[in-house]
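Before any comments, here is the structure.
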Amino acid sequence: MTSPQTPRKKRDKTNAPYAFSHSWRKKVTSWRRKLERDPALAVCWLCGGAIDMNLPPKHGRAFTLDHLVPLSQGGDLMGEVKPAHRSCNSARGDGRRSRRGPNPPTLLDW
């Protein structure tokens, strides 16, 4: 006879193991409280716009913490971070893209 077992919850593998780090969640919560207490500090370091701390987390202009050295380039999960809009942080990506304009200078005269 088989005993009924409760199905196990599947673990979300998005950014695992980072997604479930207790210390990371604690750091984000600490920053969020700090910015809610002093709204003058809630400024996106990428675009300079104000961050509305009341927006839902999935909103493009919502608060996120951006790693100054991307994790994909050897940055530490608990390393230095700054507040940013979700959309600005996503657009920055891993920081590998060129920061130049659409037409980089060339040596040849066309």
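Here are the numbers for the structure shown:
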| read-out | value |
| --- | --- |
| Residue match in the stretch 29-44 (condition: part of a loop (DSSP other than H, G, I, E, B), under 15 Å from SER90 (Cβ atoms) and modelled with pLDDT of 90 or more) | yes |
| All positions within the stretch 49-82 that are assigned to a strand (DSSP E or B) and either without any contact (Cβ under 8 Å) to a residue 12 or more places away in the chain or not charged (D, E, K, R) (or both) | ALA50, PHE63, THR64, LEU65, HIS67, VAL81 |
| Looking only at the stretch 85-99, and only at residues there that are polar (S, T, N, Q) and modelled with pLDDT under 90, the one that is surrounded by the fewest Cβ atoms within 10 Å (Cβ to Cβ) | SER98 |
| Filtered residues of the stretch 49-84 (kept if modelled with pLDDT of 90 or more and either more than 13 Å from the chain's Cα centre (by Cα) or hydroxyl-bearing (Ser, Thr, Tyr) (or both)) | GLY49, ALA50, ILE51, ASP52, MET53, ASN54, LEU55, PRO56, THR64 |
| Members of the stretch 46-75 that are over 18 Å from SER30 (Cα atoms) and not aliphatic (A, V, I, L, M) | CYS47, GLY48, GLY49, LYS58, HIS59, GLY60, ARG61, PRO70, SER72, GLN73, GLY74, GLY75 |
| Matching residues in the stretch 29-65 - criterion: being touching a Leu at 6+ places or on another chain (Cβ under 6 Å) and loosely packed, with under 14 Cβ neighbours inside 10 Å | LEU41 |
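The values are calculated or read from the model by the stated rules, or taken from the named source; none is laboratory data. On a predicted model such as this, the values are computed, not experimentally measured, just so you know. Positions of Cβ are generated from backbone atoms using ideal geometry, with glycine treated the same way; all protein chains shown enter the neighbour counts.
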